[in-house]
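The values are calculated or read from the model by the stated rules, or taken from the named source; none is laboratory data. Owing to the predicted nature of the structure, the values given are computational and were not obtained by experimental measurement. Glycine gets a Cβ as well: all are built from the backbone with ideal geometry, and neighbour counts include every protein chain shown. Ligands, DNA and RNA are excluded from the accessible area calculation, which covers all protein heavy atoms including side chains. Shrake-Rupley method; radii C 1.70, N 1.55, O 1.52, S 1.80 Å.
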Amino acid sequence: THDVAPQPLFVVGGETRIGGGSKLMLEVWKLPEENDVPALLGVRWFGNQLAVGFGLVYVFPNSIEGWPFIPWADFSIVW
């Protein structure tokens, strides 16, 4: 049997180019049954077959002591 969350996952995001092969990104996620809302602000560099992204995730409301950001990285390869 498969479990289905009683609420949907919402993702809102946007991006803007800052150069020929780079862009700024912003994403916000509302997870089912969670009060915390993670938000990502990052930059992505991309070419024809490879994209690399780096950013920081901040979780609202913030209950983290010290440095409130979580580092994030992703890599995408086109075969």
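Per residue, the chain exposes 77 Å² of solvent-accessible protein surface, assessed with a 1.4 angstrom probe and all protein chains in place. Overall, the anisotropy analysis places region 1-46 in the prolate class: the square-rooted eigenvalues a ≥ b ≥ c of its C-alpha gyration tensor yield a/c not less than 1.5, with a/b exceeding b/c. Here the ratio of the Cα radius of gyration of the chain to 2.2 N^0.38 Å is 1.33. Of the accessible area of the chain, computed with a 1.4 Å probe over protein heavy atoms only, carbon and sulfur atoms account for 62 percent.
Relative to the Cα centre, the charge distribution of the chain, modelled as +1 at Lys and Arg Cβ and -1 at Asp and Glu Cβ, gives a dipole magnitude of about 460 debye.
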